[in-house]
Amino acid sequence: METTHRGVAAALEKSFRQNIADGTWPEGQPLPSEAQLQRQFDASRGTVRKALSGLRAEGLIYGSQGRTPLVRRNTTEQSAQHLGSFTTWAESLGRVPGQKTLEVAKRPAGEEMAAALDVAPEDFVVWIRRLRFMDGKPSMLEESAFTMRAGEFLLSFDTDSGSIFRHLAAQGRGIYSAHHRIEAVAAPEGVARDLGCPAGTPILQDERTSFDAEGNILEFSRDSYLPGTVSLTIDNHYNSTPHLP
């Protein structure tokens, strides 16, 4: 019975995805309500919700719980690359992603992280440290702090099982936008130890602040990449009218 339910949900998800691809559900517009989808596709409420959760996990739709989801303006691959999903990025390169959780803890934010997350220093946040792998080899150290708005869904999540971003999206707490600060730095002793390189090794560090669709901060992360594991491509577009001095 369960296998049949999964099959129906998968077929429904495929239909939903096609509606997005062909413009039946335009980008940036809300989807029909769950009740409307039930009637249109002659499906149960649980089947509709399961199909929608698959779209959320792929980043095709977004929106907080209790609200009608909207169609995302970017493709899944573009969204994942821009927003920092290591799992999807590695998969897009044909590589096998992996992770080893070093720490999951719920504790007060403290002064520095409170400023980054726009919370009070005494407010609780969920801290996660993971070593990320590509084809079984260490590639990046991920040090993240999540506000409880997102963190409550991570305390019971097996962080060794896969993408945190995908899990949050399935819970209606998907990452919609992010601000990155990227620089080359010398690896501090603790980071170097976790990455298995000498202290002072040049690494690429990405400090990321992530937001939901309503503009609420969900996460602050500091991702440290070993050299040779990541490169950045930037396209610039200039106004056709030159700005002369």
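The values are calculated or read from the model by the stated rules, or taken from the named source; none is laboratory data. Worth saying up front: this structure is predicted, and the values here are computed from it rather than measured. For neighbour counting, all protein chains shown are included, and Cβ atoms are generated from backbone atoms with ideal geometry for every residue, glycine included.
Taking segment 133-161 as the range and being touching a residue at least 60 places away in the same chain (Cβ under 8 Å) and touching a helix residue (DSSP H, G or I) at 6+ places or on another chain (Cβ under 6 Å) as the test, the residues that pass are MET134, PRO138, LEU141, ALA145, THR147, ALA150. Annotation: of all residues in segment 45-64 being closer than 13 Å to ALA11 by Cα and not basic (Lys, Arg), the one that is modelled with the lowest pLDDT is GLY54. Out of GLU152, GLU143, GLU112, one residue alone is assigned by TED's automatic domain parsing to the domain that holds GLY98, under 28 Å from ARG193 (Cα atoms) and surrounded by fewer than 16 Cβ atoms within 10 Å (Cβ to Cβ). It is GLU112. Scoring LEU102 on the criteria (1) touching a Phe, Trp or Tyr at 6+ places or on another chain (Cβ under 9 Å); (2) modelled with pLDDT of 95 or more leaves a single failure, condition (1).
Candidates are the residues of segment 212-227 that are polar (S, T, N, Q) and in contact with a strand residue (DSSP E or B) (Cβ under 6 Å, 6 or more places away or on another chain); the one that is farthest from ILE128 (Cα to Cα) is SER224. Only residues that are assigned to a strand (DSSP E or B), at pLDDT below 95 and of a type outside the set (Lys, Arg) were counted in segment 106-141, giving 5.
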